[in-house]
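The values are calculated or read from the model by the stated rules, or taken from the named source; none is laboratory data. Bear in mind the structure is a predicted one, so any value in this text is a computation, not a measurement. Every residue, glycine among them, receives a Cβ derived from its backbone with ideal geometry; neighbour counts consider all protein chains shown. The accessibility values were calculated without ligands, DNA or RNA, using every heavy atom of the protein model including side chains. Shrake-Rupley method; radii C 1.70, N 1.55, O 1.52, S 1.80 Å.
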Amino acid sequence: MAESRWTGIFLSAFNYKTEKYVIAQNKRVGVLYRVVQLAIIGYIIGWVFVTKKGYQETEESVQSSVITKLKGVSLINTTDAGLNLWGPEDYVIPPQGERVFFIITNFIQTPNQKLGYCAESSRVPDGRCRENADCPQGETVIAGHGAKTGRCLRKDKNSTGTCEIYGWCPIERNHRPVEPLLGKAENFTLYIKNFIRFPKFGFSKSNVLDTADDTYLKKCSYDQNHQRYCPIFRLGDLVSWAGHDFKDMASMGGSIGVLIEWNCDLDQDYSKCNPRYSFTRLDVKSSTSSITQGFNFRYARYYLNEAGQSYRTLYKVYGIRFDIMVHGKAGKFSIIPTIINIASGLALMGAGVFFCDLVLLYTMKKSTFYRERKFESVKKTNGGGNNISGDREQKNRILERRQLTDLSPET
């Protein structure tokens, strides 16, 4: 018995199912079917073709070149250096006009450092000592300023001192000006020149107005509505558009991202492909004072005195790092994606039929009646004809014959 059952299951794998169309005069399912059809058609036309432009071939691998230039000078008067004038060659790092650069807005200056012997800073844990044994000769101070000489410098026997080091003396100062020394950098201007190319379509464009007027860039300023092709930005505006205050950021430093987006529909006119700018702060700005807040680094300027001795001025600089990021996407009509999306839409129409069949055959009150009309099992007899299996189907055929006999003219 079990063997014949498994044999039947095995043989059923070779049965072939063919479509049978049954017209079900059920208004509810008919309305549902039309609603599903309209929804699918609306999705294909509205979303796939109108919103997502499914008829286009697209390219997102935009080739881009960015050149930057800053202009502006600031007069600085400090106790150590006196009156000094800072220009772009002083406060822009690197000065070559790259897409990632740093603008100095504040600094701590330690002038006239020479190689020699001095006390390590008490702020450095590895530089503190109680006796000479705590300062092994030749060992460098971890996170410090030089190498230990073997001497512990203390005010008295009961106090904690610091190790004597060999390094650039005097050691770095730690007092940071409250007000940014280059606070007027808010009015400096940044020129961003961007060239893009979509190689698949051979399309190229620049974010600068194509004009022969050599005074255009000298008197224009960026405006999203009227001066879109004048990429000259005021630094204070860039920080403000990112949602922050320039004075606050200039004191401790930070990072600003400038995103240039080129979303071009190449089926339209050349003038319709325009750059869009957006600005955001990239470093984390916490509401309270945090050790992760701000952006700074150190560099030095080296000199020789009249005796030929080397000395330097050390700068710990705070400022704003700018990252220019370029994204792009271009699309143009192509018959291949158009055919693929149309075929996908027709396949979805079939899914609508499948859904309505599930409703009709399994959720309606007369689902059993519809299933009897929908499915038939046909197998070949020994005589070569077709025999419909199932007692219920045979009874239905007998009933249909009787109804035809009752309707014949002879009766």
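Taking all protein chains into account, the per residue accessible area for the chain stands at 65 Å² (1.4 Å probe). Once the whole set of protein chains is in place, how much accessible area is left on TRP241, using a 1.4 Å probe, in Å² to the nearest 10? TRP241 has an accessible surface of roughly 110 Å² with all protein chains in place.
Placing HIS327, HIS145 in order of accessible area, with the largest value first and a 1.4 Å probe, yields HIS327, HIS145. Our note on the geometry: Cα centres of region 294-316 and region 183-240, 36 Å apart.
On full extension, the segment bounded by SER221 and SER367 gains 45.4 nm, given 0.36 nm per residue less the C-alpha separation. Extension gain for the segment ASP90 to GLU306, taken as residue separation times 0.36 nm less the Cα-Cα distance, is 75.3 nm to one decimal. Indicate the helices, whole DSSP H runs only, in the chain that combine a mean Kyte-Doolittle hydropathy of -1.0 or more with a Cα extent along their long axis of 20 angstrom or more. Qualifying helices: 27-42, 335-362.
Report the calculated FRET efficiency for LEU32 and LYS329 (r = Cβ-Cβ distance, R0 = 35 Å), to the nearest 0.05. Let's see the in-between values first.
Details: r = 38 Å, r/R0 = 1.10.
With a Förster radius of 35 Å, E is 0.35.
Estimated at 0.36 nm per residue, the fully extended path between SER122 and ASP213 surpasses their Cα-Cα distance by 26.7 nm.
Could you order LEU38, LEU153 by accessible surface area, starting with the largest, using a probe radius of 1.4 Å?
Result of the area sort, largest leading: LEU38, LEU153.
Residues PHE354, PHE279, PHE101, PHE297, sorted by accessible area with the largest first, give PHE354, PHE297, PHE279, PHE101 [1.4 Å probe; ligands and nucleic acids excluded].
Within the chain, what whole-number % of the accessible surface is contributed by carbon and sulfur, with the 1.4 Å probe and all protein chains included in the calculation? On the chain, the fraction of accessible area on carbon and sulfur atoms equals 54 percent.
When both region 243-271 and region 67-136 are represented by their alpha-carbon centers, they are found 29 Å apart. Measuring between alpha carbons in the structure, the pairs from LYS52/LYS329; LYS71/LYS329; LYS53/LYS332 lying more than 20 angstrom apart are LYS71/LYS329.
Given a 1.4 Å probe and the protein chains as shown, TYR229 ends up with an accessible area of around 40 Å². For region 314-371, what class follows from the C-alpha gyration tensor (a ≥ b ≥ c being the square roots of its eigenvalues): rounded when a/c is under 1.5, otherwise prolate if a/b is larger than b/c, else oblate? Cα axes put region 314-371 in the oblate bin.
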